[in-house]
Amino acid sequence: MTFSSNEELFNAARDLISGLRTRGADASAKILHDGFRCITGLTDGWALFLDAIIEVQENFSHQLRDDEKLLLKDMHDAVYEAVYRRKPK
């Protein structure tokens, strides 16, 4: 999935965080929420959100459903491109 706008990405992030909280995956939700709050329009904020996404992927993927893993990968790719101005390898 590619996001047609930042707002679409932000809505997907909010929905994922909310869904994780609802299912009791509080650690993953907190990490993503804290990273998401760092987005201010500056590259540093996007990089902190990318770090949060990577942390959840590496340490909490066992808590994620398959659709959440796919969404998180899509979010990773979009945020990576925002930070590095190129698609991930």
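Descriptive notes on the structure:
- Approximating the spin labels as points 7 Å out from Cα along Cα→Cβ, the residue 42-to-residue 4 distance works out to 3.2 nm.
- In percent, rounded to a whole number, the relative contact order of the stretch 6-84 is 27, using alpha-carbon pairs under 8 Å and six or more apart.
- Sorting 16-27, 56-67 by average packing, meaning the other beta carbons within 10 Å per residue, from highest down gives 16-27, 56-67.
- Label point at residue 67 placed 7 Å out along Cα→Cβ; residues across the stretch 1-24 whose backbone nitrogen lies under 20 Å: 1-4, 8-24
- Here the chain is assigned +1 on the Cβ of each Lys and Arg and -1 on the Cβ of each Asp and Glu. Its dipole about the Cα centre then comes out at about 80 debye.
- Percent of alpha-carbon pairs separated by more than 14 Å within the stretch 1-44: 53 percent
- Hydrophobic long helices, here whole DSSP H runs in the chain with Kyte-Doolittle means of at least -1.0 and Cα atoms spread over 18 Å or more along the helix axis, are found at 6-23, 43-59, 66-84.
- Options 24, 72, 49, ranked by Cα towards positive dipole end of the stretch 6-84, top entry (Cβ charges): 24
Values quoted throughout were computed directly from the atomic coordinates according to the rules given, and no laboratory measurement underlies them. These numbers were taken from a predicted model, which means no experiment stands behind them. No Cβ is skipped: glycine too gets one built from the backbone with ideal geometry, and neighbour counts run over all protein chains shown.
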